[in-house]
Amino acid sequence: MDAVALHTTALPTTAIEAFVSTPTSGGIVIFVGTVRNQTRNKAVQHLFFEAYQPMALSEMKKIVEAAKTQWPLHKIAIHHRLGNVAIGEAAVVIACSSAHRQAAFEACAYAINTLKETVPIWKKEFFEDGEVWVAAHP
């Protein structure tokens, strides 16, 4: 398994957790971002994710390297879905392991926040009455 990946099928959450687990890890933090059934008081039918894949993977690797520099991590993984994602399914999984929980929590929060700011992955929300691309980057 790679530390970063883009998937067109269900994210392997259990395998991602196993990838970051080490015998010396006292803390493993896993963030799973799932598709919710509404946004801005409108019922969401599903989401669609698109990416400029070479750049997305490169930026995800930068996040991994930056997190490993800032925190004493054992391992970190960032995996994101592409294509159609149904309500309740995982769109992103980030997992971090370290000797102590605080580093894993902080690195995981850094990774998801930075991913949303810098990685060229775009989201389209589908509703009963149409769809809209969502500006992921502030």
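The values are calculated or read from the model by the stated rules, or taken from the named source; none is laboratory data. Every value quoted in this text rests on a predicted model; they were computed, and no experiment measured them. Here Cβ is always computed from backbone atoms with ideal geometry, including for glycine, and neighbour counts include all displayed protein chains.
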Under 7 Å by Cβ, and 6 or more places apart or on different chains, what pairs join a residue from the range 1-29 that is within 14 Å of residue 90 (Cα to Cα) with one that is at pLDDT 95 or above and in a loop (DSSP other than H, G, I, E, B)? 6/82; 7/82; 8/82; 10/89
How many residues are of a type in the set (Phe, Trp, Tyr) and either more than 22 Å from residue 110 (Cα to Cα) or in contact with a Phe, Trp or Tyr (Cβ under 8 Å, 6 or more places away or on another chain) (or both) if we restrict to the range 36-69? 2
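Being β-branched (Val, Ile, Thr) and exposed (fewer than 13 other Cβ atoms within 10 Å of the Cβ) is the filter here, so list the residues in the range 23-49 that pass it.
Of all residues in the range 23-49, those β-branched (Val, Ile, Thr) come to 24, 28-30, 32, 34-35, 39, 44.
Across the range 23-49, the qualifying residue is only 24.
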Condition check: assigned to a helix (DSSP H, G or I) and either at pLDDT 95 or above or small (Gly, Ala, Ser) (or both). Does residue 84 satisfy that? no
Give me the residue from the range 67-95 that is of a type in the set (Lys, Arg) and over 30 Å from residue 38 (Cβ atoms) and, out of that set, surrounded by the fewest Cβ atoms within 10 Å (Cβ to Cβ). 68
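May I ask you to verify whether residue 54 is more than 15 Å from the chain's Cα centre (by Cα) and either in a loop (DSSP other than H, G, I, E, B) or at pLDDT below 95 (or both)?
It is false that residue 54 is more than 15 Å from the chain's Cα centre (by Cα) and either in a loop (DSSP other than H, G, I, E, B) or at pLDDT below 95 (or both).
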Could you tell me whether any residue of the range 96-106 is surrounded by fewer than 17 Cβ atoms within 10 Å (Cβ to Cβ), at pLDDT 95 or above, in a strand (DSSP E or B) and among the small types (Gly, Ala, Ser)? no
If residue 126 satisfies all but one of (1) buried (at least 17 other Cβ atoms within 10 Å of the Cβ); (2) touching a Leu at 6+ places or on another chain (Cβ under 9 Å); (3) not in a helix (DSSP H, G or I); (4) not β-branched (Val, Ile, Thr), what's the number of the condition it fails? (1)
